[in-house]
1. For a test of the definition: using alpha carbon positions, the gyration tensor, and the 1.5 limit on a/c, classify the range 77-180 as rounded, prolate or oblate.
2. For ALA206 and PHE53, what does the FRET efficiency come to when R0 = 25 Å and r is the distance between their Cβ atoms, rounded to the nearest 0.05?
3. Compute the Cα gyration tensor for the range 141-216, then decide on rounded, prolate or oblate, letting a ≥ b ≥ c be the square roots of its eigenvalues: rounded whenever a/c is under 1.5, prolate when a/b is larger than b/c in the other cases, and oblate in all that remain.
4. Pull out the extension gain between LYS131 and ALA152, defined as 0.36 nm times the separation in residues minus the alpha carbon to alpha carbon distance; nm, one decimal.
5. Which residues does a label at ASP118 reach in the range 67-103, if reach means a backbone N under 11 Å from a point 7 Å past the Cα toward the Cβ?
6. Which loop-located trypsin sites (Lys or Arg not before Pro) does the range 88-148 contain, where loop means any DSSP state but H, G, I, E or B and the Cβ has at most 12 other Cβ atoms within 10 Å?
7. In nanometres, what is the gap between the two model label sites at SER87 and LYS108, each 7 Å from Cα along Cα-to-Cβ?
8. Dipole of the range 64-151 (Lys/Arg Cβ +1, Asp/Glu Cβ -1, origin at the Cα centre): which of ALA80, ALA114, GLY136 lies farthest to the positive side?
Amino acid sequence: MIRVKICGVTTVEDAEFALAAGADALGLNFVPGTPRCLDLEQAREIADSLPPFGTRVGVFVNETSGRVLEIARRVGLDAAQLHGDESPEDCRRLMEQGLRVIRGLRVKGPETIARINDFPGCAILLDAYVKGALGGTGETFDWELARQAAEARPIILSGGLKPGNVAEAVRSVQPYGVDSSSGVEGAVLARKDPERVVEFIQNARAAITELEEMRR
């Protein structure tokens, strides 16, 4: 079964609904200056409200390892998603302290895909590259590159995914997981739309079920 992460959750209500709808993981944003950034009190309130089987992922960009570990401890994170210019050594330091790491890579072209094996032990998330942005752009990228990466190792697909295109993305790439933030929001910035969350998860899972049935 494909894994689903709903990123940029900002309220207890949105977090609880996403998990009830079938999400496996929730992303809590700690990137200053972004619309979904949480302070520690907000993040802890959300994390404390969740059942034990919902994975709590903190999203960071070019933060120090010490600060990531401090936030992880204080909030109760299960994993850190590093979405900036973090090195394999940065990732290793966090994993040595028992924190799982998702390394987010913004796909410029084949040269990005060539880097996926530079981060042993990390989960790999592929996002769209947009000059001057560090993720969360709502833009898609060439899924053929993502498919090539998924043939080499399990990947989480991100970048412009929404209810209307996630099934096609799953059929094209066959990723380990999919991730959406703005794609499951409605008219209110940084608030998840329940109908879009449900539709996104259902469409992703229906597509993977279809693929599994075709293989039988």
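Coordinate-derived values only; no laboratory data. Owing to the predicted nature of the structure, the values given are computational and were not obtained by experimental measurement. Here the Cβ is made from the backbone with ideal geometry for all residues, glycine too, and neighbour counts use every protein chain on show.
1. Working: a/c = 1.61, a/b = 1.56, b/c = 1.03.
It comes out prolate by the Cα gyration axes.
2. Values: r = 22 Å, r/R0 = 0.89.
Computed FRET efficiency for ALA206 and PHE53: 0.65.
3. Numbers: a/c = 2.79, a/b = 1.55, b/c = 1.80.
In terms of gyration-tensor shape, oblate.
4. On the way: separation 21, 0.36 × 21 = 7.56 nm, distance 2.67 nm.
Result: 4.9 nm gained on full extension.
5. Answer for this model: 85-89.
6. Working: sites: ARG92, ARG93, ARG100, ARG103, ARG106, LYS108, ARG115, LYS131, ARG147; in loops: LYS108, ARG115, LYS131.
Sites meeting the loop and neighbour criteria: LYS131.
7. 1.8
8. ALA80
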